[in-house]
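Bear in mind that the values in this text are calculations on the coordinates, not laboratory data. Note that the coordinates shown come from a computational prediction; the quantities given were computed from them, not determined experimentally. Here the Cβ positions follow ideal geometry from the backbone for every residue, glycine too, while neighbour counts run over all protein chains shown.
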Amino acid sequence: MTEDRKDLIMAFIGKQFSIDPGNKDITHYENAFTHSSFNPEDSTLCDNDRLAFLGDAVLKLILSEELYNRFPTDSKGDLTIRKAGIENNEALADIAEKLGVEELLLLGADKQKSIRAMAGVIEALIGATYLDFGFDEARLVVMNLVGEGLEKEVEPNYKSMLQEYFQKRGVGVPQYIPVSEGDIESGSRFEVIVKVNGRELGRGWGRNIQQAGKAAAKDAIHKGAIEL
């Protein structure tokens, strides 16, 4: 890592995370900004996949504990929806955009910036903070990044939540299957079921196929289709 890049990363950590690395080795943070598509000349540089894996777990734990304490009357399904609305790829990518992550992100020559790549940096930075400074410092960073979103009552995109959850795990893609068609004149509603690998996860009704699909995804999440 060049001295200029090291200085930029240290400045980023100090400004955005209020962390002073001092003389600490910041290799984890350098790796956090390195996408798997990048082919480094520096053989000591690693991509951020493993750090993102760790950071994702740390983020989930911190959010789960915080939401559990803040909303004592919420069901598991309600807590899951709140958490997924904060930690999904789009939400994390928005945070990355605001922090100026793109300026430090190392991508392969033929790789375009993507929502997942930007979200991965945030997860990796959380993982790096946990490794270098411990859980308490990682918690401060997480709360600084997403704390405002904990109290927001935003209608989540349930279909995107299901899609992202199962795609990450490589176990199939949700399929939305119309069961019955509604009739506007009679007032009957459309019915849709959502399945993954042939297993029914939820069922919903609506004035059209789109509404019924959203309702089915919401039903699946409330029934525990995705883990807290």
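Put +1 on the Cβ of each Lys and Arg and -1 on the Cβ of each Asp and Glu in the stretch 1-102; which of L59, F71, Q16 then has its Cα farthest toward the positive end of the dipole?
Comparing the listed Cα positions along the dipole, F71 ranks first.
Of N89, N197, N144, which has the largest mean-square fluctuation in a 10 Å C-alpha GNM of the chain?
Looking only at N89, N197, N144, the largest GNM fluctuation is found for N197.
Which of the aspartates and glutamates could be linked to K76 by a straight reach, that is with a Cα gap under 18 Å, when you skip same-chain ones fewer than 8 residues away?
Hits, sequence-local ones excluded: E65, E66, E87, E151, E153, E155, D219, E227.
Which of E123, E103, E164 moves the most in a Gaussian network model of the chain with Cα springs under 10 Å?
Most flexible of the set in this elastic network: E103.
Go ahead and set up a Gaussian network model of the chain, Cα springs under 10 Å, then flag whichever of P72, P178, P156 fluctuates most.
Evaluated over the chain, the most mobile residue of the options is P72.
Could you tell me which label, among [x] 8, 29, 29, 20, 10, 4, 1, 0; [y] 7, 25, 26, 22, 13, 5, 2, 0; [z] 8, 32, 38, 19, 3, 0, carries the value of P(r) over Cα pairs in 10 Å bins from 0, in percent calculated for this structure?
Of the labelled values, this structure produces [x].
On C-alpha positions alone, give me the angle between the axis of helix 209-222 and the longest principal axis of the chain, in degrees, nearest 10.
On a 0 to 90 degree scale, this one is about 60.
To the nearest 20 debye, what is the magnitude of the charge dipole of the chain about its Cα centre, counting +1 on the Cβ of each Lys and Arg and -1 on the Cβ of each Asp and Glu? Could you put the intermediate results ahead of the total?
Numbers: 27 positive and 38 negative charges, 194 e Å.
Here the size comes out at about 940 debye.
Over 32 Å between Cα atoms, which of K113/K214; K113/K223; K24/K159; K60/K218; K111/K218 qualify? Write out the running numbers ahead of the final one.
Values: K113/K214 29 Å; K113/K223 35 Å; K24/K159 43 Å; K60/K218 20 Å; K111/K218 34 Å.
Pairs exceeding the cut-off: K113/K223; K24/K159; K111/K218.
Can you give me the distance in nm between label points at R199 and D7, each placed 7 Å from the Cα along the Cα-to-Cβ direction?
The modelled label-to-label distance comes out at 5.5 nm.
In deg cm²/dmol and to the nearest 500, what is the mean residue ellipticity at 222 nm of the chain if only DSSP H runs of at least 4 residues count, each as -39500 (n - 2.57), divided by the residue total? Working shown, then result.
On the way: 9 runs with 123 residues, N = 228.
Result for the chain, helices only: -17500 deg cm²/dmol.
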